[in-house]
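The structure appears below as structure tokens.
The values are calculated or read from the model by the stated rules, or taken from the named source; none is laboratory data. Keep in mind the model is a prediction, meaning the values are calculated, not measured. With ideal geometry, Cβ positions are generated from the backbone for all residues, glycine too; neighbour counts draw on all protein chains shown. Ligands, DNA and RNA are stripped out before the accessible areas are found, and what is left, the full protein with its side chains, is counted by its heavy atoms. Shrake-Rupley method; radii C 1.70, N 1.55, O 1.52, S 1.80 Å.
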Amino acid sequence: MSKSSNRSQVRPRPLYADEEGRILEHPDLQLLCRKGDEMALPRPQELTPLPEGSDLFLLPQRRALGFDPETGEPVCLDGYAVAAFVCPGYTLTGLCAYVSEDEAEPLPLFAYGAVGFARGRFWVCAKQVDRNPRQQFGHIPAERIEQGAGKWLRELPDNRLVQHLGRCALTHGCPAAKNLALGRFEAPLPTSRSCNAACVGCISWQPEGSCIPVTQPRIEFTPSPEEIVAIMRRHAGSEPQPIFSFGQGCEGEPLLAAETIARAVRLYRSEGGKGTINLNTNGSLPSAVSPLARAGLDSVRVSLNSARPDRYSAYYRPRGYCASDVRAFLREAGQLGLYVSLNYLFFPGVSDTEEELEALRDLIAETGVDLIQMRNLNIDPELYLDLVPPPQTPSMGLINFRKRLRQSFPGLEFGYFNPFLDSERKPGFPDQS
Ligand code: SF4
């Protein structure tokens, strides 16, 4: 039996958790998922066996929902909702369906995928968008990461950035910092202490009194160019295709530290330093990109939750810039010959609508984006739906959304991670589904 016909017959049953936290499957009901305001049965092609490295969550103050095929109605279960946080490389096609109690506390900053059980395994509403194993650690013993971080700290004892990244790897479990400790893939280079946005889902800063926890404490110093370059040099010594990325979860907006970054990049390149130097950014300051490109930057990845200014501003809450500056930044970066990615923060039922597709097509046509990284927006779903204006058209589904973008822009790449670029700034992608 082929993989697709196999999948077309799968009808997972919904999960719920009892007071002891035991996860159970309902014997008769079917899995429901949430797409924006809609509750729907997942389309078969939008289901994936739960990938290794994913986690299941019990959602307090939220009751699980299932679908009764006899009545054609949703049914509220006597148990807590259970959601999946999928491993990196996968994008959610549907969110966990539940009913919240009045006054339920907001959920922490994760993405809550719909997950059910069938044929002896868990199935999640998600699609693999990148085959790169960069953030898979299941087969790596924790001691190897500890030993790697320890070696960095012994070799560069006075480097404050190494100390910061050591904590990120060992205390906060940051995948980018763990890779640095292992001397592989993409090296994180957090630099900026401040930001000119106030994203509702920022993991390194929340306003006073916010009930959303900060999970990656923000860097409290600006590293010197020498401290940054010491890390680049050493990482390039162990990874044959090194990627260096400014703009991490544990910092503010790197464009606000553009001068320091440009000095570090120039210094590294002046020594003949190789590899792809990338900037993850909110793209707020178009004039900052040219000096960085001249210094030796290769690529930028600009994050946004929507190509529509009202949705963008509702989530980013920008200070001193607006969505049109982000467009100008993307245009400028492309004209300078940089490889340009969007970190498109996907939310089923809000992103995959006709009106958003139209706006995104317009943005891509105007700016010439090279790659869309389809990542999950990590936020309490109900909080986000209260924040942005309601969708005007139904969800077309992640798969159709991506297909229609591909039809409009045949050269556009899709993925999840920043690619390594060759000397002509061409990416090498593993075979993508
Ligand atoms: S742009 Fe980044 S650092 Fe700034 S508020 Fe948003 S998530 Fe946080």
(request) Using a Gaussian network model of the chain whose springs link C-alpha atoms within less than 10 Å, name the residue from Pro291, Pro42, Pro27 with the highest mean-square fluctuation. (result) Pro27
(message) I want the antiparallel fraction of DSSP beta bridges within the chain, as a percent rounded to 5.
(response) 60
(request) Identify which of Gln248, Gln407, Gln373 has the largest mean-square fluctuation in a Gaussian network model of the chain, with springs joining Cα atoms closer than 10 Å. (result) Gln407
(request) Kindly state, to the nearest 0.05, the FRET efficiency for Asp37 paired with Gln136, given R0 = 45 Å and r defined as their beta-carbon distance. (result) 0.85
(request) Compute the longest continuous run of the chain that contains no exposed trypsin sites (Lys or Arg not before Pro); treat a site as exposed when its DSSP state is not H, G, I, E or B and it has at most 11 other Cβ atoms within 10 Å. (result) 120-318
(message) Using a 1.4 Å probe on the protein heavy atoms, what percent of the accessible area of the chain belongs to carbon and sulfur?
(response) 49
(request) Choose one answer from Glu354, Glu186, Glu253: the residue with the largest mean-square fluctuation in a GNM of the chain with alpha-carbon springs under 10 Å. (result) Glu354
(message) For segment 237-319, what does the relative contact order come out to in percent, with C-alpha contacts under 8 Å and a separation of six or more?
(response) 30
(request) Express the accessible area of segment 5-97 per residue in Å², computed with a 1.4 Å probe while the remaining protein chains stay in the model. (result) 45
(message) Helix-only mean residue ellipticity at 222 nm, the chain, DSSP H runs n ≥ 4 weighted -39,500 (n - 2.57), per residue, nearest 500. What is it?
(response) -8500 deg cm²/dmol
(message) With a 1.4 Å probe and all protein chains left in place, how much accessible area per residue does segment 207-283 have, in Å²?
(response) 40
(request) May I ask for the net charge around Ala169, where only other residues with Cβ less than 10 Å from the Cβ of Ala169 are counted and Lys, Arg are +1 while Asp, Glu are -1? (result) +1
(message) As I understand it, the value is the acute angle between the Cα axis of helix 225-238 and the longest principal axis of the Cα atoms of the chain; what does it come to in degrees, rounded to 10?
(response) 70
(request) Sticking with the crude label model, points 7 Å out along Cα→Cβ, report the distance from Arg11 to Ser238 in nm, one decimal please. (result) 5.1
(request) Take the Cβ-Cβ distance between Gln407 and Lys274 as r, set R0 to 56 Å, and report the resulting FRET efficiency rounded to the nearest 0.05. (result) 0.90
(request) Please work out whether the chain counts as rounded, prolate or oblate from its C-alpha gyration tensor, where a ≥ b ≥ c are the square roots of the eigenvalues and a/c under 1.5 means rounded, while otherwise a/b larger than b/c means prolate and anything else oblate? (result) prolate
(message) Can you give the FRET efficiency to the nearest 0.05 for Arg144 and Gln45, using r as the Cβ-Cβ distance and R₀ = 30 Å?
(response) 0.20
